[in-house]
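First the structure, in the form of structure tokens, and then the observations on it.
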Amino acid sequence: MSYLIVRNIHKTWETVTVDFSLECEKGTMTCLLGPSGCGKSTVLNIISGLEKNDPDYEAQLEITLDGQRIEKLAPRLRGVGMVFQSGALFNHMNIVNNVAYGLISQGMKKKEALKKASDFLPEFGLSGFERRMPQTLSGGERQRVALARTLITQPKLVLLDEPLSALDADLRKRLAAQIRDWQKKMGFTAIMVTHDVSEAEAVADNIVRFSK
């Protein structure tokens, strides 16, 4: 049985219809590749619970992760972590508090979470960034913080929604290679959305192509 099984995602808006199913093995990186507006991000949002299937198809949706059906669970209970294009950092928190946030939300004591977050930052080239504020970081640094914040909680599935699209071409290439290295080292299972063919080829074990 595959580690992730997604069946019968169905979403329609304007002239776009997404009809999607997928299976992924544990420890693999799958890329959803296609132009903007074709439904790639919608797939991630439905898997994570941030969006619902079309009403007529809601009962047909099946999402199984590590042997557990999760489509009816609240987003925070699904074991899914998400990294957004913007990074979505908390601007009122310094970097170590941003990274520790998910651990504290899971019930870890703040002191322990902050220590773990501080120890985790060097993995992402962020040594000495503990007291920095998000507004002082470059785009690439912000995305590394966002990745650290997600991965420190050890989600069963990581969803990456165009995490590199706001960066320049050279930085995208370098960070894509780093994401692949982290994925191999940590062994997490991930789905990444991108419109960039070379980016998909650099990070993915499997590529699913979307079209409008």
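Details
- Spin-label model distance (nm) - Arg209 vs Ile5, 7 Å beyond Cα toward Cβ: 2.8 nm
- Theoretical gain in end-to-end length, Ile104 to Thr153 [0.36 nm per residue, Cα-Cα removed]: 16.7 nm
- Each of the peptides 43-49, 127-133 was scored by the mean count of other Cβ atoms within 10 Å over its residues; in descending order, highest first, they stand as 43-49, 127-133.
- Neighbourhood charge, 15 Å Cβ-Cβ cut-off, centred on Lys116 and excluding it, Lys, Arg +1 and Asp, Glu -1: +1
- Pairs of lysine residues in the range 70-212 - Cα separation under 25 Å, sequence separation of 8 or more or cross-chain: 14
- Relative contact order (%) - the chain, alpha-carbon pairs under 8 angstrom, separation at least six: 31 percent
- Separation in nanometres of the label points that stand 7 Å from Cα toward Cβ, at Ser138 and Ala59: 5.4 nm
- Potential extension, Glu123-Asp66 segment - 0.36 nm per residue separation minus Cα distance: 17.9 nm
- Cα gyration tensor shape for the range 84-184, rounded if a/c is under 1.5, else prolate or oblate: prolate
- Of the two radii for the chain, the radius of gyration is 0.96 times the Kirkwood radius, both from the alpha carbons; that is the Rg over Rh value.
- For Val16, no residue 5 or more places off, or on another chain, has a built amide H under 5 Å of its own.
- Pairwise label distance in nanometres, Phe90 with Ser198, each label 7 Å out on the Cα-Cβ vector: 3.8 nm
- Computed from the C-beta positions of Asp168 and Lys111, the FRET efficiency with R₀ = 41 Å rounds to 0.60.
- Normalised contact order of the range 51-139, rounded percent, pairs of Cα under 8 Å and 6 or more residues apart: 25 percent
- Most to least packed among 18-27, 96-105 [average Cβ atoms within 10 Å]: 96-105, 18-27
Laboratory data are not the source of any read-out in this text; all were calculated from the coordinates shown. This one's a predicted model, so the numbers in the text were calculated from it and none came from an experiment. So basically every Cβ, Gly included, is an ideal-geometry build from the backbone, and we count neighbours across all protein chains shown.
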